[in-house]
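Here the structure comes first, spelled out in structure tokens, and everything after it is commentary.
No lab work stands behind these numbers, since they all come straight from the coordinates. What you see is a predicted model, and the numbers here were worked out from it, not measured in a lab. Here the Cβ is made from the backbone with ideal geometry for all residues, glycine too, and neighbour counts use every protein chain on show.
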Amino acid sequence: MDTGLKNKHILITGAAGGIGLETVKTFLREGARVTALYHRGEGELPSLAADGRLTTVSADVRREEDVRAAFRHASETFGRVDVSVSNAGIANEEGIGVHEMSLEQWNRTLTVNLTGAFLCAKYFFKNLEEFPGKSAALVLVGSTAGIFGEAWYSDYATSKAGMYGLMMSLKNEIVYLAHRGRVNMVNPGWTRTPMAEGALTDVEMVKRIHQTIPMKKTATTKDIAHAIVFLSSDQLAGHISGQSITVAGGMEGRALYTPDEALSWGDGK
Ligand SMILES: NC(=O)c1ccc[n+]([C@@H]2O[C@H](COP(=O)([O-])OP(=O)(O)OC[C@H]3O[C@@H](n4cnc5c(N)ncnc54)[C@H](OP(=O)(O)O)[C@@H]3O)[C@@H](O)[C@H]2O)c1
């Protein structure tokens, strides 16, 4: 099936990470030109054969000057950015109750995940203003945590839920800059990447995760990349905007307790 992404210019954050790298590879296979934003290291990005269709630039999405410079680099290299994917994100490795969470941790998570998405949207929209055109797509990478919540990770869940409000607002703004512009969101569930590695090597944790997923599997990075590419494509998703697609094998929520834990204080009184 033709995605129509050949020669489209995609900018993606978190491009050296698990989901980001797979998404870059998928866009390149579709013939797109890609500006890949990395943070601490380029990882495998330089090894991707792309016939001059890939450029990399380092940016910390918390810093407005970095995001501004990355978009400038993108347009100087490949012209108008047609699609922007906000994928960079962090989650604290250790869970912690809200009563013990530091303000510093709360601010750090919100700043990378939500403010980072805002800054990228801001400079993406400025680019649409500078380079008028009919179509444009913004794809935000959220999380099932933003839908179901996640005990001990309230900072992360809140940052991802906030992205929903960003999407619902920006879908109504983007059309003033690009009449056929669209804004959507992909919400991955558990996905095998460095971010989730720790939890997914713990068998008890995997059992708990699978209790909530009819397909009894965690996502591959391809599962997520394909949803991002689908929403980026005007050919395939040209009339889809303001939608949040959950890619989580039918996940229904969270198993809060093991069978033993379920009786520990829940005696019905
Ligand atoms: N894996 C899962 O189970 C899962 C589930 C739901 C949602 N997600 C979401 O999917 C997205 C991708 O995550 P992933 O699983 O692929 O994790 P990952 O491999 O850790 O990738 C995250 C990327 O974000 C980058 N990043 C972190 N802080 C940044 C900053 N301040 N500025 C710019 N980039 C920054 C990281 O770069 P550095 O490593 O160089 O800092 C990394 O490349 C995230 O938004 C995550 O919340 C993942």
Between ASN127, ASN92, ASN184, where does the largest GNM mean-square fluctuation fall for the chain, given springs only between Cα atoms within less than 10 Å? ASN92
So, in nm, how far is label LYS134 from label GLU65 when the simple model puts each one 7 Å beyond its Cα toward the Cβ? 4.1 nm
Relative contact order (percent) for the chain, with alpha-carbon contacts under 8 angstrom and 6 or more residues of separation? 19 percent
Considering only C-alpha atoms, what is the centroid distance from region 86-150 to region 1-80, in Å? 17 Å
Go through region 227-240 residue by residue and turn each phi into a ³J(HN,Hα) via Karplus (6.51, -1.76, 1.60, θ = phi - 60°); whole Hz please, and just put x for glycine and proline. 5, 5, 5, 4, 5, 6, 8, 5, 5, 9, 10, x, 10, 10
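Can you flag which of LYS126/LYS160; LYS8/LYS217; LYS8/LYS126; LYS6/LYS160; LYS6/LYS126 are past 27 Å Cα-Cα?
Working: LYS126/LYS160 24 Å; LYS8/LYS217 33 Å; LYS8/LYS126 18 Å; LYS6/LYS160 30 Å; LYS6/LYS126 23 Å.
In this structure, LYS8/LYS217; LYS6/LYS160 exceed 27 Å between Cα atoms.
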Quarter of Cα convex hull surface for the chain, i.e. mean projection, nm²: 15.5 nm²
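Subtract the Cα-Cα distance of GLU204 and LEU236 from 0.36 nm times their separation in residues, and report this length gain in nm to one decimal. Don't skip to the answer; put the middle values down first.
On the way: separation 32, 0.36 × 32 = 11.52 nm, distance 3.93 nm.
My answer for the length gained is 7.6 nm.
Out of the chymotrypsin sites (Phe, Trp or Tyr not before Pro) in region 140-173, which ones are loop residues according to DSSP with at most 15 other C-beta atoms within 10 Å?
Working: sites: PHE148, TRP152, TYR153, TYR156, TYR164; in loops: TRP152, TYR153.
Passing sites in region 140-173 are TRP152.
Counting pairs of alpha carbon atoms under 8 Å apart in space and at least six apart in sequence, what relative contact order in percent does region 134-201 give?
Numbers: 85 pairs, mean separation 29.7, N = 68.
Relative contact order comes out at 44 percent.
Given a Förster distance of 25 angstrom, what is the FRET efficiency for GLU197 paired with ARG29, based on the Cβ-Cβ distance and rounded to 0.05?
Details: r = 25 Å, r/R0 = 1.02.
With a Förster radius of 25 Å, E is 0.50.
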